[in-house]
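Take a look at the structure below.
The values are calculated or read from the model by the stated rules, or taken from the named source; none is laboratory data. Treat the numbers as computed from the prediction; the structure is a model and nothing was measured. Note: ideal-geometry Cβ built from the backbone for every residue, glycine included; neighbour counts use all protein chains shown.
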Amino acid sequence: MRDKGRRHRALLGAVGAVAALGVAIAAVLVFSASSRAGPTQQEYLARVAAICRVYGPKLDRIRPPDVAEPANVVAAVSRALPLVKAQQREVEALAAPAALRVRLERWFDLQHGRIAMLERAMRAARKQDFRALSVAYVDFILAGPKTARMGSAIGIPHPPC
């Protein structure tokens, strides 16, 4: 009777181990399939380029202001900021391939930093703090090349993104 009980427990243990292995294999397959279900790098970059083609011409129509003329800086930033933010939201909403995610996060961080500089410029303009307005706008301009280099290394079109 004892042998039968031991065999029964051993059999149950083996069945449990096989079931656990099956669950683990299924989980691996589901998660790897979902990570591959995203777009290819080429498809993703084509989608980003399509978004950039929508916003780029709109941004190109905004004449870069002379920082010495605060009214022109305010006018340019107030037109550009909503476009830049909308473009960024659309790009970030895209499903990204796993191979690009880490680099994209760094690029998104740089983009968010530049957007924050434009927002800081607008806040300064509302307070008529023209020195802070100029500094924030110049910071935005100076941060552009680094952001563009990182974007280009990923494959993001520049300009206009």
List pairs: first in region 76-105 and in contact (Cβ under 8 Å) with a residue 24 or more places away in the chain and surrounded by fewer than 11 Cβ atoms within 10 Å (Cβ to Cβ), second of a type in the set (D, E, K, R) and part of a helix (DSSP H, G or I), Cβ under 7 Å, 6+ apart or cross-chain?
none
Could you list all residues from region 37-51 that are loosely packed, with under 15 Cβ neighbours inside 10 Å and part of a helix (DSSP H, G or I)?
Q42, E43, A46, A50
Here is a check on your reading of the model: is A96 closer than 27 Å to L133 by Cβ, touching a Leu at 6+ places or on another chain (Cβ under 7 Å) and at pLDDT 95 or above?
no
Quick count over region 30-47, residues being modelled with pLDDT under 85 and aliphatic (A, V, I, L, M), is 3
Wholly enclosed helices (runs of 4 or more DSSP H) of region 63-161 bearing at least 2 residues β-branched (V, I, T), assigned by TED's automatic domain parsing to the domain that holds Y44 and more than 21 Å from R53 (Cα to Cα):
70-93, 130-154
